[in-house]
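The values are calculated or read from the model by the stated rules, or taken from the named source; none is laboratory data. Predicted, not measured: the structure shown is a model, and the values here were computed from it. Glycine gets a Cβ as well: all are built from the backbone with ideal geometry, and neighbour counts include every protein chain shown. All accessible areas refer to the heavy atoms of the entire protein, side chains included, with ligands and DNA or RNA removed. Shrake-Rupley method; radii C 1.70, N 1.55, O 1.52, S 1.80 Å.
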Amino acid sequence: MGTGFNKFIGDYDTLRPFLRLVSYSCYDKEALAQRLGQSTRSAEDNWARVYFCLPEEMLLSARQARREIHGLRSDPYQLAGNFLARTYQIKALTGRAIAALIFLLQTLAAAKEPMRQTALVRAYDLLPISEQQAEAAPKVSPATVFRQLGELESLGILRRTMRGNALCYAMAEQPLAELTADERRTLYYAIGFYRFVAVLSVPGYFLATTLRCLYPEDAEPFLPVQIKHSPITRILDDEVLHTIITAIEEQCAVTFSYRNRETIAVPQEIITDFHTGRQYMCAAVQRRGSAAFTKTSRFRIDCMERVAPAKPICAAACPAPPPHTLTLTLFYESERHRARLIQRIRARFPTAVFTEGAGCFYAAVEIADDLSLLPWIRTFHPWICIAADASPCLARRMRDDAEEALKNYGIQPPLS
């Protein structure tokens, strides 16, 4: 007997590129299958999973001759709920953990006084389990109960107190239950802004859902500004970002597949390029045949697949990239313009060294990662130039940006 169709999202590495293409609203199933290198049946199955998880009003379908174009509806001015957020929690929970957490919460909710940790463990051991529940909620060790109590506390569901030498737990009070209408409106605006600009957007959707459950009479307000390049597909990378942030905090390496190549690296920081709407991971990559992590590289997070934590890394094995001198060439119209440019540079690089040139001046700054300056350098156009010998990678990226802009506006052919 064959297995039935699984309508739940269980593998984000498979569905992430599919959802990203669907969000463009310009592909039919044959084009999706071709771009993803899979069969049309697989594309149909993935669309069926999306159709199951998302409400009908968020789905788009249009016909062009015999082609049916699928897409996702989103309004950048409206704080639309992201229904994929809950799938992250569903994917992480197991039947055993669910049974344990529900029991702990029911026991603590029924208690009039905070319960001791040891009493909770004894109560869990005496939990009557029917034959049908035995597989889903087997007896667990005290260490497992302690860990689950700690997880509930970290989520803000439980509060921990000390009574003498005894450790006690009780249900936490709801801090959002007594908000005024003005406070709720302000909080909705803050949540909306957080979703668009924070590295991880999932927590913002969870908080917004909590507010809607507490105050169902409230209508979530429109955000008064539009944040560029913040589509609903950004949440697809939150699981990868969470793994990277955890690795940074715990000083661990991560393994991942990048452009069909297996890589192990130690994440150092996450950079958001708001101009392109992309996020990058700066990491020290392990050299082949060596235990050292030396070469620093940047990886597009939306292209990283099968990201998983690896072993902790000794700080000596992964030294921070040393800073180097980068020379910027700047042009100016007048002395006042020149002074303003120097002032802007000194605001970010107080130790910058300036020298005069023919109709221009040079600014020497200390920087470890040249590409991290790209969003800042763009604000100096057209008065800045990066020589190819000063930073080949940064100069090439700036040249590509200029060619793309000229091509889009049709001003002149690409630069020769």
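Going by what's in this entry, would Glu249 be described as without any contact (Cβ under 8 Å) to a residue 12 or more places away in the chain, surrounded by fewer than 16 Cβ atoms within 10 Å (Cβ to Cβ), of a type in the set (Asp, Glu) and closer than 24 Å to Tyr88 by Cα? Judged against the criteria, Glu249 is a match. Determine whether Phe206 is open to solvent by 40 Å² or more (accessible area, probe 1.4 Å), more than 23 Å from Leu101 (Cα to Cα) and assigned to a helix (DSSP H, G or I). For Phe206, the condition - open to solvent by 40 Å² or more (accessible area, probe 1.4 Å), more than 23 Å from Leu101 (Cα to Cα) and assigned to a helix (DSSP H, G or I) - is not met.
When Ala339, Ala363 are screened for being small (Gly, Ala, Ser), at pLDDT 90 or above and either assigned to a loop (DSSP other than H, G, I, E, B) or in contact with a helix residue (DSSP H, G or I) (Cβ under 7 Å, 6 or more places away or on another chain) (or both), only Ala363 passes.
Number of residues in segment 383-401 that are touching a Ser or Thr at 6+ places or on another chain (Cβ under 8 Å) and under 13 Å from Leu371 (Cα atoms): the value is 2. Applying the criterion of being in a loop (DSSP other than H, G, I, E, B), at pLDDT 80 or above and of a type outside the set (A, V, I, L, M, F, W, C) to the residues of segment 175-194, the residue that is nearest to Gln117 (Cα to Cα) is Glu178. Looking across segment 338-353, the residues that are among the β-branched types (Val, Ile, Thr) and surrounded by 12 or more Cβ atoms within 10 Å (Cβ to Cβ) come down to Ile342, Ile345, Val353. Selection over segment 366-415 of residues that are open to solvent by 30 Å² or more (accessible area, probe 1.4 Å) and part of a loop (DSSP other than H, G, I, E, B) gives a count of 16. Of the helices (runs of 4 or more DSSP H) contained entirely in segment 1-66, those carrying at least 3 residues that are over 18 Å from Tyr88 (Cβ atoms), open to solvent by less than 80 Å² (accessible area, probe 1.4 Å) and at pLDDT 80 or above fall at 29-36, 40-53. The set of residues in segment 139-164 that are open to solvent by less than 40 Å² (accessible area, probe 1.4 Å), assigned to a helix (DSSP H, G or I) and touching a residue at least 24 places away in the same chain (Cβ under 8 Å) comprises Thr144, Val145, Gln148, Leu149, Leu152.
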